[in-house]
Each structure stands twice: as structure tokens, then as C-alpha cells.
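Single-structure report; data block below.
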Amino acid sequence: MNTTDRDSGTDPEAIDETVSAELARLRDSIDNIDAAVVHMLAERFKCTQQVGHLKARHHLPPADPSREARQIARLRQLAENAKLDPAFAEKLLNFIIAEVIRHHETIAAGEE
């Protein structure tokens, strides 16, 4: 195998034009979805920043474990309904929650 794709055994330059076009179409869709995800996360963080300021003004703790548990259960159910791995959805939400708590701690410390 010299210039062939070692995984598939095909020469990448010999891919059928219709396959290349379909790959391009699908990848464009993926790029659009990725952009939407980033924008949705930005909107979510705008809201959670407001929550952080409200909590700081009223001396509430940055984390709310009972709310987080409800959200995780809710997101797992949404993931199941959407045919997405609930464990993956939970990992993603835990990552987001950790970042939100970090922001709330920063706000509470008066660093923002």
C-alpha cells in the first residue's frame, strides 16, 4: 500500500464524486450544528452569569447540588428520548456545571 488509505484500502483521490459531495454536505451540516451548539452555550452562560450575580448579592452558595441532580436526571431522560447516550449527556452537563460553579465562585469572590 503506497498512496492508498491504510484503513479502507482505497486511494483517497479515487473516491467517487457523489461520495465526496455527500461527505461535503454532511460535514457542512456538522459545522452548522457545531456553530449552533457554541452559540447556545454562550446564551446559556449569559443566563448562568446572571444567576451567579444574583446568588452573590444574596449570599447564596455558588453550587446547588439538588438543582444539579434534578438537571442531570432531566438531561439523561432527554438524551434517552433523543437516542443519545445518557452517560455522555451527563458527562457533558457535569462539565458545564463545573464551569458554571467556577464562574459563580469568581463572582462571589468579587473578582468579576
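Observations
- Cα convex hull volume per residue for region 23-73 (Å³): 77
- For region 28-43, 3J(HN,Hα) per residue [Karplus equation, 6.51 cos²θ - 1.76 cosθ + 1.60, θ = phi - 60°, Hz, x = Gly/Pro]: 4, 4, 4, 4, 5, 5, 4, 5, 5, 4, 4, 5, 5, 5, 4, 5
- Label separation (Leu26 vs Lys46): 3.4 nm, computed from points 7 Å beyond Cα along the C-beta direction.
- For region 52-60, 3J(HN,Hα) per residue [Karplus equation, 6.51 cos²θ - 1.76 cosθ + 1.60, θ = phi - 60°, Hz, x = Gly/Pro]: x, 5, 4, 4, 5, 4, 9, 6, 8
- Secondary-structure-derived ellipticity at 222 nm for the chain, considering helices only, amounts to -26000 deg cm²/dmol, per-run term -39500 (n - 2.57) for DSSP H runs with n ≥ 4.
- Calculated accessible area for the chain comes out at 78 Å² per residue, all protein chains present (probe 1.4 Å; ligands, DNA, RNA ignored).
- Summarising the label geometry, the points placed 7 Å from Cα in the beta-carbon direction at Ala69 and Ile15 lie 4.8 nm from one another.
- Under 23 Å from Lys91, Cα to Cα: lysines that are on another chain or at least 8 residues apart: Lys46, Lys83
The values are calculated or read from the model by the stated rules, or taken from the named source; none is laboratory data. Since we're looking at a predicted model, the values are computed, not measured. Methodologically, a virtual Cβ is constructed for each residue, glycine included, from the backbone with ideal geometry; neighbour enumeration extends over all protein chains shown. For the accessible areas, the whole protein counts, side chains as well, though only heavy atoms, and no ligand, DNA or RNA atoms are used. Shrake-Rupley method; radii C 1.70, N 1.55, O 1.52, S 1.80 Å.
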